[in-house]
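In what follows, a structure is listed as structure tokens, so that the remarks can point back to it.
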Amino acid sequence: MNEHTNIDSLEFNKAIHERARLIILTYLASTTSSKVLFTELKDKLELTSGNLSVQLRNLEKVGYINIDKKIVGNRPETTVILTKEGLKNFKEYLLMMESIINRVKTNQEEDEKND
């Protein structure tokens, strides 16, 4: 993003930008485990089962996560895995947001100098 980029010209990644999907990807990218249980995501992110399921399906459709369902001891177990594509796009999203934040900081500093 160059110094002349304006907020109206930004293309936010809509698959990531929605709050629930953003916190899901943030959690998956920052955990030390390569697989995270559905129940862990639900509990840690304080999402309902229904909302989490919908958002995970949305992320799976764009290839950002893989969902693995199996039966363990007569109980269903769902694990979620962040894909390489998902991590790549998440990092690109973070870089764009960092650029926006830095631009706002720079503008504020310039405004304060001019006051």
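The values are calculated or read from the model by the stated rules, or taken from the named source; none is laboratory data. Predicted model, so just to flag it, every value in this text is computed and none were measured. Quick reminder, even Gly has a Cβ in these numbers, built from the backbone with ideal geometry, and neighbours come from all protein chains shown.
Of everything listed in (1) closer than 17 Å to LYS88 by Cα; (2) surrounded by fewer than 13 Cβ atoms within 10 Å (Cβ to Cβ), the single unmet condition for GLY50 is (1). Considering the range 33-48, and only residues there that are hydroxyl-bearing (Ser, Thr, Tyr) and assigned to a loop (DSSP other than H, G, I, E, B), the residue that is modelled with the highest pLDDT turns out to be THR48.
Go through the residues of the range 75-88 one by one and say whether even a single one is surrounded by 14 or more Cβ atoms within 10 Å (Cβ to Cβ) and assigned to a helix (DSSP H, G or I). Yes; the residues of the range 75-88 include at least one that is surrounded by 14 or more Cβ atoms within 10 Å (Cβ to Cβ) and assigned to a helix (DSSP H, G or I).
Residues checked against (1) modelled with pLDDT of 95 or more; (2) surrounded by fewer than 16 Cβ atoms within 10 Å (Cβ to Cβ); (3) over 12 Å from the mean Cα position of the chain (by Cα):
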{"site": "ALA20", "(1), (2), (3)": "yes, no, no"}
{"site": "ILE23", "(1), (2), (3)": "yes, no, no"}
{"site": "ASP68", "(1), (2), (3)": "yes, yes, yes"}
{"site": "ASN114", "(1), (2), (3)": "no, yes, yes"}
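Tell me yes or no: at least one residue of the range 57-64 is surrounded by 11 or more Cβ atoms within 10 Å (Cβ to Cβ), assigned to a helix (DSSP H, G or I), modelled with pLDDT of 90 or more and touching a Phe, Trp or Tyr at 6+ places or on another chain (Cβ under 8 Å). Looking through the range 57-64, none of the residues is surrounded by 11 or more Cβ atoms within 10 Å (Cβ to Cβ), assigned to a helix (DSSP H, G or I), modelled with pLDDT of 90 or more and touching a Phe, Trp or Tyr at 6+ places or on another chain (Cβ under 8 Å).
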